[in-house]
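The values are calculated or read from the model by the stated rules, or taken from the named source; none is laboratory data. The structure presented is a predicted model; accordingly, all values stated were derived computationally and were not measured. With ideal geometry, Cβ positions are generated from the backbone for all residues, glycine too; neighbour counts draw on all protein chains shown.
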Amino acid sequence: MILAIIDDEGLAPGDRLPTSAELADRSGFSLISVRRALDELERAGIVQRQQGVGTFVARDRIVSEPARSGNLLETLEGEGGARLVTELVSMRVGLPTVSVAANLRVNAGLPVWEVVRRRLLDGRPVIAETAMLPLQLVPALDKDALARGDSLYAFLADTYGLHDEHEEQFLEVDVPTATEMQRLELGARDQVVRIRGVSYSTDGTPFDCFEQAYPSRQFVFYASGSQNRRLLPHTDLRAWGVDPLPG
């Protein structure tokens, strides 16, 4: 019945549905049954509920192939004519955690860059991203270029010859951290798809430990790739980040 309402009334993504009580009155089913139906439709990505506001027709999910190299917009499908904008949130130098140091094959006492960015698709935040790069391979970054939204990986390839030849990735669905909730403008009921991984250059040198968080209700993921690569050498992902420099 709810699907019929969306179809018959021509409701578009972002349009509000009748309240649960109104749906119960129209259907003759109990309020509990209506809420269960909305739960199922929400899990399927057809509706989206905002606590205290209402239930809305959800946007079409974005199809992404995160393992494919190249321009990020080229890996996002289902958003015809969409405009992807990159915001530089912060960049600093710090010390890698044990996991990051092991995956970058650097001493934990050697500094790394931490570059935090946010991607917006047609004005809505869709990806929170952190890149961690060893200073011994990347001694300098162009902050102005990153602030303009220029490609970090094009800069690494052009300046230091670090081409993203392949990646090792770990994917999980999880509740968002407080930082992810803020950057992706998520609510208490939302989940994220979090990808952590390592980028390798053509000679097999690891040069980037990255983390990306996507709103799970907005994306569908599919992946393909070779199975003859090694797994991440250090998979304790609980401490995947950069600590401040002493002092």
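Some points to look at:
- Against the test of being at pLDDT below 90, assigned by TED's automatic domain parsing to the domain that holds Val192 and buried (at least 18 other Cβ atoms within 10 Å of the Cβ), the options Ala82, Ala101, Ala108, Ala67 yield a single qualifying residue, Ala67.
- Set Ala154, Ala145, Ala178: member being within 25 Å of Ala188 (Cβ to Cβ) and free of Cβ contacts under 8 Å to residues at least 12 places away in the same chain: Ala178
- Flag for Pro215 being more than 21 Å from Ala102 (Cα to Cα) and in contact with a Leu (Cβ under 7 Å, 6 or more places away or on another chain): yes
- Residue, farthest from Val242 (Cα to Cα), within the range 136-147, restricted to residues that are aliphatic (A, V, I, L, M) and outside any loop (DSSP other than H, G, I, E, B): Ala145
- Pair list, Cβ under 8 Å, 6 or more apart: the range 123-135 residue in a loop (DSSP other than H, G, I, E, B) and at pLDDT 90 or above, other residue surrounded by fewer than 23 Cβ atoms within 10 Å (Cβ to Cβ) and among the aromatic types (Phe, Trp, Tyr): Leu135/Trp113
- Residue in the range 120-133 that is closer than 12 Å to Asp208 by Cβ, surrounded by fewer than 20 Cβ atoms within 10 Å (Cβ to Cβ), touching a strand residue (DSSP E or B) at 6+ places or on another chain (Cβ under 9 Å) and not basic (Lys, Arg) present: no
- The range 163-175 - residue that is in a loop (DSSP other than H, G, I, E, B) and in contact (Cβ under 8 Å) with a residue 24 or more places away in the chain and, of those, nearest to Arg119 (Cα to Cα): Asp164
- The set of residues from the range 176-190 being acidic (Asp, Glu), buried (at least 16 other Cβ atoms within 10 Å of the Cβ) and in a loop (DSSP other than H, G, I, E, B) comprises just one member, Asp190.
- Filter result (of a type in the set (Val, Ile, Thr), within 16 Å of the chain's Cα centre (by Cα) and either at positive phi or modelled with pLDDT of 90 or more (or both)) within the range 148-192: Val175, Thr177, Thr179, Val192
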